[in-house]
Amino acid sequence: MVALDSAVRAASRTRFNLSAVLIVGGLLGGLCAAGVPLGLFGRTYEGWALAARMTDEFAGILFLIAFLAEPLARLFPKSLATELSPGHRRLALGFAAAYGVCLLVAAFAATAEGQKVGVPQAFAVIFQYGVLAAMVATSGIWSTGVMDKPIWRRLHTATLWFFWLVYTFSYVGHFTGPHIPDASYGIGLIFLFQALFIRHAAALKEIWVHPMAE
């Protein structure tokens, strides 16, 4: 009985490492999204192009989760989003891992069949990796303290807005130029603008409802 009781106490001290799960999940999901097209079409231009698109869309889903976790918790205090709110910044870790895979796949896709990456494209990829690093650094992955100051929370929010702009302009760009018409980019834009509306609605609730309640 003593041995069983001590085992139960030991198990109860085991902590669920959310950060590690999110990072590993984002990496594995991104690798699977890239691996399926490459397995079907091989390392051809079509294979790399489809892999780049699938990893981009997978990362986009994780981005919307991270982008909307806090505002949804403010709009619906008694919902599942409230449970995620205390660690909402950590949700960006899954997106950062998946989007890191997406950028790597996009670089390979750009060099498929002997093509070369220009300086502007290389700079854009490096800059986005830098923003991802800032997102991870301000996600609360380390112990609380310095990174809990308002300035770091604002920087984390700024990185989320940066990638909202990246996705928005990228999807808008597919409706101009010699791109093949694809309704999925329109659906993506709808989700992005709905996310924008939700964040503004949460901000307005914070400004109007809380002062009235006080």
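Throughout, read-outs are computed from the coordinates displayed, never taken from laboratory work. Just so you know, these numbers come straight off a predicted model, no measurement behind them.
Assorted remarks:
- In sequence order, calculated HN-Hα J values of region 58-73 (Karplus, 6.51, -1.76, 1.60; Hz; x Gly/Pro): 5, 4, x, 5, 5, 5, 4, 4, 5, 5, 9, 4, 5, x, 5, 5
- Across region 92-107, computed HN-Hα scalar couplings (Karplus, 6.51 cos²θ - 1.76 cosθ + 1.60, θ = phi - 60°) run 5, 5, x, 5, 4, 5, 5, 6, x, 5, 4, 5, 5, 5, 4, 5 Hz from first to last residue, x flagging Gly and Pro.
- Each residue of region 34-45 was assigned a 3J(HN,Hα) from its phi angle through the Karplus curve 6.51 cos²θ - 1.76 cosθ + 1.60 (θ = phi - 60°); the sequence is 7, x, 5, x, 5, x, 7, 10, x, 7, 9, 4 Hz, with glycine and proline shown as x.
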